[in-house]
1. Just order 280-290, 10-20 by mean Cβ neighbour count inside 10 Å, highest at the front, would you?
2. Determine the gain in length on full extension of the stretch Ala60-Gln266; use 0.36 nm per residue of separation and subtract their C-alpha separation, reporting nm with one decimal.
3. Can you give the relative contact order of the chain as a percent, counting alpha carbon pairs under 8 Å and 6+ residues apart?
4. Sequence-distant or interchain residues sharing an amide H contact under 5 Å with Ser212, placed H: which?
5. Work out the count of Lys pairs in segment 12-318 where the Cα-Cα distance is under 27 Å, with the pair 8 or more places apart or on different chains.
6. Multiply the residue gap between Leu256 and Arg177 by 0.36 nm, knock off their C-alpha separation, and tell me the result in nm, one decimal place.
7. What residue among Ala150, Ala232, Ala136 shows peak mean-square fluctuation when the chain is described by a Gaussian network model with Cα springs under 10 Å?
8. Whole angstrom only: what separates the Cα centroid of segment 49-120 from the Cα centroid of segment 206-240?
Amino acid sequence: MQAISGPSVWTGEELSSRDDVHYQFSEQDVGEIREALDDSPKLDGPIYQQAALAMPTIAARCKELQSHLEHGSGVIRLNGFPVHEFSQADITRFFVDMTQRIGSPLPQTEHDDRVFHVRNEGYKLDDPKARGPNTAKRLSFHTDRCDVIAFLCVKQAASGGENQLVSSGAIYNHIYRTRPDLLAVLMEPYCYKRHSVDTANPRPFCMQPIFSFCEGRFAASFLRVLIDRADADPDLPNLSDMQRQALDYLEETAELPGMQLEFRQQPGDILLLNNWTILHRRSAFVDHNDPAMRRHLLRIWLSVPNSRPLDPMFKDNFGDTRAGAIRGGFPLSSQ
């Protein structure tokens, strides 16, 4: 084991002062988007199979963003898309088209939903259909089942709902310096229980490490809620004391002063994250009383063609571990 370095290893204090994270939609960009949407025919079929919009400036920028997500900080914030000037259908069409220029949208449900609506659906905590993004509660730091995560804020809550990001490489380095014994544990496989909404997945659990290296490339994958559910299941392997201590220490490290980048997406802001180098979460929020004004984000999971190779242990959960392969997302009910 050794410490890692590079632009994806940062503290929140460092990243907030870097100029390779923030982009602003210009009037020219918005004009190009509006003209492309006006000129594009509305076709039947899934939105991700529509003809590409004519957006040459946006397309060129997306190629730059694709490279930066894999080889830069792993964080992109695109601000200022005027959602109030477009219909919900056009907002979604643009967001899908833009993200498709970075990667391939993945199913986020067994029914092949490629655009997921992040909003409080009012589920009770014990409802098997409940997913963290569909509640108003504070989420813990985690990663998703994709290479790149994209969020577009359509409406923001009355209060709360702040984004918090942390570099998984920075967490790795801190644990390497302070508790290498626990780092070794985090590089061993943990048991993840199948999510209650992942009903088309034939595997009741999978085994994969939190931190790993493949062909010299670092990757982090972490969703403690599924690890804890596996630990509570009498039919699945229990966590050892060292495994539990290592998970606690990882989460404690993420809370160290200065580690996190915190901000609040505003309507029209787009956030792109490299799932293998960034842990993300959202604070609890309070919605507006008017249902039409309640917090609403669009989320897209992407598999990108310039992705890193993964440890073979990820095969059960992601399907393909080769660099650049289509991987991740939910198995479909028809498969």
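Nothing in this text is a laboratory measurement; each read-out follows from the coordinates by a stated rule. All values derive from a computational prediction rather than experimental measurement. Note: ideal-geometry Cβ built from the backbone for every residue, glycine included; neighbour counts use all protein chains shown.
1. In descending order of packing, they fall as 280-290, 10-20.
2. On the way: separation 206, 0.36 × 206 = 74.16 nm, distance 2.45 nm.
Fully extending the segment from Ala60 to Gln266 adds 71.7 nm.
3. 31 percent
4. It is Ala219, by chain and number.
5. 12
6. On the way: separation 79, 0.36 × 79 = 28.44 nm, distance 1.44 nm.
Stretched fully, the Leu256-Arg177 segment lengthens by 27.0 nm.
7. Ala232
8. 29 Å
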